[in-house]
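The values are calculated or read from the model by the stated rules, or taken from the named source; none is laboratory data. Computed from a predicted model, the values in this text were never measured in an experiment. So basically every Cβ, Gly included, is an ideal-geometry build from the backbone, and we count neighbours across all protein chains shown.
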């Protein structure tokens, strides 16, 4: 698939918010590449979108396997020659995570390895393809739980969610957003951290205030930003989130 279609890679797009981001991007005319480590689920997601007349394909992508990331970049390069949108959606929580005094170190390592190092590895691998776009958009799926101000504010609605691994992993992802935005300053390529809100998915154990369809709207909005853009920001549906 080449030509005038924008090309997007959405990681962890076989279910939940990722699948809905992929669906809404495809509905906007974007050719979407479903990145997933489980081939069966990834291909099922493509079949789901295709049944609705939407353009999508699957690429195997495991955030903890640098060889799979490199192979995915090579496949996208061969099939499309560029990448216009990268949505770093894939992420995990671990229920052995918790407050600093009691969190399992192994759980914290697993969460940070996936949510930060994995996203960084994918971003580094895809940047050469994104630089070939006329105006690349990078969206890092973050969280209000990443806010240092919120974590230190007892009046914050998120104050009680003290998960040192998860919150720190998303704070680190926000640092990637800020530094990459500065690295890309003066180019047409932009990057933002977007919090989808508290969404009912497997990651939240089915808890939340929003459906995946609702949670996908803000990440999709920032993936499709036009020429009048902001970069290096942490945002959610109602505005900016304090760092």
Checking 71, 125 in turn, the sole residue that is free of Cβ contacts under 8 Å to residues at least 24 places away in the same chain and either under 22 Å from residue 32 (Cβ atoms) or outside any helix (DSSP H, G or I) (or both) turns out to be 71
When residue 86 is evaluated against the numbered criteria (1) part of a loop (DSSP other than H, G, I, E, B); (2) touching a helix residue (DSSP H, G or I) at 6+ places or on another chain (Cβ under 6 Å); (3) closer than 19 Å to residue 17 by Cα, which criterion, by number, is the only one it fails?
-> (1)
Whichever residue in the stretch 5-17 is touching a strand residue (DSSP E or B) at 6+ places or on another chain (Cβ under 7 Å), farther than 13 Å from residue 223 by Cα and not in a strand (DSSP E or B) and, among such residues, is modelled with the lowest pLDDT = 5
For the stretch 57-65, does any single residue satisfy the condition of being over 17 Å from the mean Cα position of the chain (by Cα), buried (at least 16 other Cβ atoms within 10 Å of the Cβ) and outside any loop (DSSP other than H, G, I, E, B)?
-> yes
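Here is a yes/no grid of residues against (1) under 18 Å from residue 28 (Cβ atoms); (2) touching a helix residue (DSSP H, G or I) at 6+ places or on another chain (Cβ under 8 Å); (3) modelled with pLDDT under 80:
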{"residue": "188", "(1), (2), (3)": "no, no, no"}
{"residue": "192", "(1), (2), (3)": "yes, yes, no"}
{"residue": "201", "(1), (2), (3)": "no, yes, yes"}
{"residue": "223", "(1), (2), (3)": "yes, yes, no"}
{"residue": "238", "(1), (2), (3)": "no, no, yes"}
{"residue": "243", "(1), (2), (3)": "no, yes, no"}
Yes or no: residue 120 part of a helix (DSSP H, G or I), at pLDDT 95 or above, at negative phi and surrounded by 15 or more Cβ atoms within 10 Å (Cβ to Cβ)?
-> yes
